Amino acid sequence: MNEQKPGMFIPALIGGGIAGLLAGIPLVSCLCCLWVIGGGIIAVYFLSKDSPVALGPGDGAIVGVFSGIIAAVVELLISIPFAPLENKLFRNMIEEFSEYMDEMPAGFESLIDNSFKAPLYILLLGLVINVVIFSALGALGGIIGISIFKNKTIKSSQGVIDVPKNSIKTENSDNSKS
């Protein structure tokens, strides 16, 4: 029988989508590394649920990498609408912080005003960095997920005959008795 492993795209899309959504929301995004690892674990769960064959750590790592890539893209798309809110919160925090300082560095005001205007290449650089980091964390989550769901991934082995070790006689033991 030629049993094939199930497709990895849909489980990676589910796990990466959940992880990217949670990693892109302000304040919840503080745990973004944890969300990406969890996304890899969720992807392995959905992969193992439909798998007729046993999955190994390599399968978990691959679906975790795909999940991490998808999470990085979703995180970027989710964080863009929240950018003005995060900028306002950060500006208020800096202003409150500056009230407790005796003297601010020269040019600090212009630095704050210009720091919230991110050009496109900064967004793309952030995406590339997130893809690398999230894919590594997703692979870690996939390996953890395989170890968690290992008993659930092993299906019944068809066509395997279980022979006890005591019933097999070796040729040397037959010759020694003669």
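The values are calculated or read from the model by the stated rules, or taken from the named source; none is laboratory data. Just so it is clear, the model here is predicted, and its values are computed rather than measured. Reconstructed Cβ throughout: ideal geometry from the backbone, glycine too, with neighbour counts over all protein chains shown.
From the list GLY68, GLY60, GLY64, exactly one residue is at pLDDT 85 or above, within 14 Å of LYS150 (Cβ to Cβ) and in a helix (DSSP H, G or I). Which is it?
So the residue among GLY68, GLY60, GLY64 that is at pLDDT 85 or above, within 14 Å of LYS150 (Cβ to Cβ) and in a helix (DSSP H, G or I) is GLY60.
Among the residues in region 82-97, are any over 27 Å from ILE133 (Cβ atoms), part of a helix (DSSP H, G or I), acidic (Asp, Glu) and modelled with pLDDT under 95?
yes
Would you pick out the residues in region 27-55 that are hydrophobic (A, V, I, L, M, F, W, C), assigned to a helix (DSSP H, G or I) and farther than 13 Å from LYS150 by Cα?
Across region 27-55, the qualifying residues are VAL28, CYS30, LEU31, CYS32, CYS33, LEU34, TRP35, VAL36, ILE37, ILE42, ALA43.
Taking the conditions exactly as written (under 14 Å from the mean Cα position of the chain (by Cα), in contact (Cβ under 8 Å) with a residue 24 or more places away in the chain and surrounded by 13 or more Cβ atoms within 10 Å (Cβ to Cβ)), does ILE62 satisfy them or not?
So ILE62 fits the description; yes.
Of everything in region 19-48 that's crowded, with 24+ Cβ neighbours inside 10 Å and small (Gly, Ala, Ser), which residue is nearest to PHE82 (Cα to Cα)?
Top of the filtered list is ALA23.
From the list ILE14, ILE37, ILE10, ILE80, pick out the single residue that is of a type outside the set (Ser, Thr, Tyr) and under 19 Å from ALA136 (Cβ atoms).
So the residue among ILE14, ILE37, ILE10, ILE80 that is of a type outside the set (Ser, Thr, Tyr) and under 19 Å from ALA136 (Cβ atoms) is ILE37.
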